[in-house]
1. State the three equivalent ellipsoid semi-axes of segment 670-712, derived from the C-alpha gyration tensor as the square roots of 5 times its eigenvalues, in descending order and whole Å.
2. Give me the Å³ per residue figure for the convex hull around the C-alpha atoms of segment 597-712.
3. Pick out, from VAL66, GLN190, THR578, the residue whose Cα sits farthest towards the positive end of the charge dipole of the chain, with +1 on the Cβ of Lys and Arg and -1 on the Cβ of Asp and Glu.
4. How would you rank 685-692, 65-72, highest first, on the average number of other Cβ atoms within 10 Å across their residues?
5. Just check segment 199-316 against the gyration tensor rule for me: Cα atoms, a ≥ b ≥ c as the square roots of the eigenvalues, rounded for a/c under 1.5, and otherwise prolate or oblate depending on whether a/b exceeds b/c.
6. What ranking do 552-559, 646-653 get when scored by the average of other Cβ atoms within 10 Å per residue, highest first?
7. How high is the FRET efficiency from SER92 to PHE346, r the C-beta distance, R0 41 Å, rounded to 0.05?
8. Could you compute the FRET efficiency for LYS161 and GLU9, with r as their C-beta to C-beta distance and R0 at 35 Å, rounded to 0.05?
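No value in this document is a laboratory result; all are computed from the given coordinates. Note that the coordinates shown come from a computational prediction; the quantities given were computed from them, not determined experimentally. For neighbour counting, all protein chains shown are included, and Cβ atoms are generated from backbone atoms with ideal geometry for every residue, glycine included.
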Amino acid sequence: MFAKTSAKEILKKQFGYDEFRPMQAEIINAITEDKKDCLVLMPTGGGKSITYQIPALINNGVTIVVSPLIALMKDQVEALLANGISAAFLNSSQSTSEQTNIEDLSLQGTIKLLYVSPEKLVSHSFSPFLKKLNISLFAVDEAHCISQWGHDFRPEYTKLKFLKESYPDIPVLALTATADKITARDIVTQLNLKSPQKYIASFDRPNISLNVVAGRNKYDKIKAFIKKRPNQSGIIYCLSRKSTEQISAKLKADGINAAHYHAGVDREERSKVQENFIKDDVPIICATVAFGMGIDKSNVRWVIHYNMPKHLENYYQEIGRCGRDGTKADTMMFYSLQDVIVYRGFINDDHKNKEVEIAKLNRIQEYAESLTCRRKILLSYFGEHLAEDCGNCDVCKNPPEHFDGTIIAQKALSALHRMNESVGVNMLINVLRGAGRQDIFDLAYHEIKTYGVGKDISFANWQQYVLQLLNQGFIEIAYDQNHVLKLTRASKAVLYNQKKVKLVKVSEIEKKKQKSKEPKRIKIINKTEQFSNDLFERLRTLRKEIANKENIPPYVVFSNAVLEDLCSEKPITVDNLTDISGIGEFKAAKYGQSFVNEIDKFIKESDEEKIKGSTYIITYDMFINGMDVEDIAKERNLQATTIFSHLANSYSNGKNIDIDRLITSDELVQIENAIKVKGKEEGLKTLYTFLDEKIDYGKIRLGIAYYDKKRI
Ligand code: ADP
Ligand code: ZN
C-alpha cells in the first residue's frame, strides 16, 4: 500500500498527472511490491513509460531500460530530464569519456534510469560494469523485436535471455504496442519470464478519427485537408519513393512547408528531415513506411495514407503515430480498387504465404468499404469488441442512406453478361456510359442492348457503385484472368429472379462528408477549436522559442494537451500551474513564469479589445432603439462618422442592422461601383475622392461592409 501512495505522489510531483491510466498503478505495484516479471501490451500513447519510470524512482538502485533505437533513447531521456528526473543513455554514438562519465554516475546511484541498446547490454565488455551496478529493474521496451513473428525482428534481442539467467531475482518488465497474441507468447518464452503478470490494455485510440476517402483527386483533397489544419504536424504515407518526392514538391510549390523521406535518401539528409520534423521546423513529411519507427513525437496531429496499406496491422501502427498526446487527431486513407489490384498482383507473383496475405488484404478492403462503424471492424481485427459505434469515424458521422439500386445493378450486371464476363471495370463503365471509344467499336460493344444505358451516372459514381456491387458479392474479380469481372450466383438472382439490391447513394456520401458532427461515444478533448486560437498560437510560439534555446523538441517542453489546458484555464500565477495535468513541480518552476506572463499579457490585450468592443455595443443599442446617427453622435459626444463606423463594424460582425435607415440604395450602388474600379486597398480617401467627395466617410465604410458581406 505504501508503494502505491508514493507512486501517486510521484505521478503528481514529477509528471504533473492526477490519476493513473488503466493498468498503470497495477503494473507499478506488481514491480515494486511483488517484484514480479510483467508483460505489458498497450497501444502507442497508452502510457507505458511511466510503468517503469515510477518504479525506477521508488526503488533503490538503477533501472536499466533496453531500447532499440538511439533516437528513442534520446527522446525519452530528454523528456525525463525536462521533468527533473536523472536519466542517461549509453550507446555507440557517444565518446569513451562520455560513456565513462555516465557509468560513474550510475555506479554512484545518481542516475535512476539508464537506457542502453540491446547490443551494448549483451556485449562482454559491458558485463563487468553491469555486475557492479545495483539494478532494481530491467525494462525491455519494444519487446516484440525479440520475436521473429513480429514486424521488427532484431536478432540482438534474442540474446536478452541472459537477463533472467544472470539476474534471476531482478524483475523484468517487457513492453510492446504490438497486439498480436503469437508475438506476446513469444516474448514470454524468449525472455524466459517467470510466471509473468500479463497486462493487456485496450487498443482503442478513441481520439484518432478514422476516415476513408475515394482515391480520386488525391492531391486536391490533401491540400484542402492541410489548409484546414494550419500549423499542424502530419505524415503522408506513400507506397512509392517517387510519390513522396512529388507530393512534397507540389506542397512546397503551393507554399506549404513539407519534406520527403524514404530509404533512398542519404543518411545525413534523412536524420536532418527527422530532426526538423521533431522540432516542429518542418511540419509535414511525405514518407514511405520507413519513416516513423522510433519517433516519439507526441504532437503529430494527422496521418494521411496516399495508398491503402497492405494490412490492417500496418495501417493501425501507422495511424497510431498521431495523437499520442491523447488530444484530437485525424486520419485520412485514400482507397481505390486499383490499390487492391496492385497488391493482388504482388501476391500472385510471390507465392509464399499467399493465402494469409490474401486474407489480410481482404480484411483491409472490408474495412475500407465498410458501411458500418470502422473502429468496430478495426478493433475486432485485434480481437476486441466495441459495444457501441465509435462516433468518430466517417461512417458514424455520416451514416450511409440506402436506396433501391436494383435497376443500377441490373444495368451493370446485364452489360457484363452481354460482354461475356470478359471485361474489366473501366470497359464496363465506358460501355454503360456509351463512350465513343475505338476499343468499344472494335469489339462491337456499342451494339449490345445495354450500351449507353448508364449515361446519367458519372464515371466516378459508377466506380463507386461497381465497388459496392463487388463488396456485396454481386460481382467478382478474376485476379488470375487479367482482373476481368465475373458474375456470381447472387448476381444471377438479380438478373433473373428480381432480387433487390440496396446501394448507398454516392453523391450523398461525398456531400455529407462535408459536414461533421461531434462524436457521441466519447467527448474528445478538443479545446483548441473552442478557445481563441490566438492564445494557443502564442503559447506554441513561446514553446518553440524555449525548445530552440534548450535544443529539445517542443513537445518535451509541454505537450499539446498542456497548451490546450493552459488556454482554457488561463492560469496567471505559477502556483496555479501544477493544477494543469502534465505540469509537474519541476516544469512549473522552470517554464511556468514565461507561460504565465504570456497568458497575462494576452488577457490584458483582449480586455482592451473588449473595451473597444463595448463602445460599438452602446452605439448599436441606441440605434436599434430608434435613435438616428445624428442623435447618437450628439448624445455620445462623438462625430457622426465615428457612429457610422461603429455601426459598420457591428454590421460586419453579423449584428442585425436595418441598413436602409443609414444609406440609400443609390449610394450603395455608387460605393460598390467605386470599390470595383478603385479597390478597397487604397483606403477610404481614394474612394471618397472618386465619389466626388459627395458621400461621407462613414457611409463609405458602411458600404464596404455591405459589399463584403454580399460577397460571402
Ligand atoms: P507509450 O510509451 O505507451 O507510447 P508514453 O509513455 O509515451 O506512451 O505516454 C504517452 C503520453 O501519455 C505521454 O505524453 C505521457 O506523459 C502521457 N501519460 C502517461 N501516463 C499518464 C497519466 N496517468 N495521465 C495523463 N497522461 C499520461
Ligand atoms: Zn465509428
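1. Gyration-tensor ellipsoid for segment 670-712: 16, 11, 8 Å.
2. Each residue corresponds to 131 Å³ of Cα convex hull volume.
3. GLN190
4. On the way: 685-692: 15.5, 65-72: 21.5.
By packing density, highest mean first, the sequence is 65-72, 685-692.
5. On the way: a/c = 1.39, a/b = 1.17, b/c = 1.20.
Rounded, because the longest to shortest axis ratio a/c is under 1.5.
6. Working: 552-559: 24.2, 646-653: 20.1.
Ranked by mean Cβ neighbours within 10 Å, highest first: 552-559, 646-653.
7. Values: r = 36 Å, r/R0 = 0.88.
E(calc), rounded to 0.05, equals 0.70.
8. After rounding, the FRET efficiency stands at 0.45.
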